[in-house]
Amino acid sequence: MRRASALLAAVVALALAGCVVAPPPIPDRGAAIGLSGHLVLIDLPPTAEVGDPMTQVVCATSSASVSIGDQDRGHIVAMTTTADASCPDEEALNGRVPTWGPGDALPADAVPVDVAGAVEAHRFAFEYTECTNSCSTMTREVLLAVLDDDVAVMLLTRRVDAATFDRWVESVAIV
């Protein structure tokens, strides 16, 4: 009888364990990033915080940082670039990153994507290295959306995986 009771208890416990439902993920929400008279609309996690735009930046004409929670969870830098301000040949090392503007040659693996408000847009990645006592290399995901012959918007990630960034890119619109 004890074996039957123990077996029944085990079966009931397994059945109930299968009924535990994890809560659904918190959906992304619309965020607006203002850059030099342009507005980048993108769906991001509710923890995303858009920083104030800066106009004195290297290799771009303006930029704004978007944190996606604490510093370990990643961020996006949104920036406007021009052919004159961009630095596509910049070495991706210790805080320096390449930027691309209208007419710049893109990496060979750049893939065209649709972005509302852009004449053309491409999605690609590059390797970035940080060195202090030792060096570590990470992949930085990029969206480059050319608005016209003079201006492009670039989104650059840090600690954001490609699949997550691809989901966010699908929501981008520029007005």
Can you figure out the FRET efficiency of Phe126 with Ala22, using R₀ = 41 Å and their beta-carbon distance, to the nearest 0.05?
0.70
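Give me the net charge for the shell around Thr61: Cβ to Cβ below 13 angstrom, other residues only, Lys and Arg +1, Asp and Glu -1.
Numbers: positive: none; negative: Asp84, Asp150.
Spelling it out: positives minus negatives among the neighbours equals -2.
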What net charge is computed for the residues neighbouring Pro112, neighbours being all others with C-beta under 13 Å from the C-beta of Pro112, Lys and Arg scored +1, Asp and Glu -1?
-2
Over the range 48-172, what is the relative contact order in whole percent, taking alpha-carbon pairs under 8 Å and six or more residues apart?
22
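Throughout, read-outs are computed from the coordinates displayed, never taken from laboratory work. Given the structure is predicted, the values throughout are model-derived calculations rather than measurements. Here the Cβ is made from the backbone with ideal geometry for all residues, glycine too, and neighbour counts use every protein chain on show.
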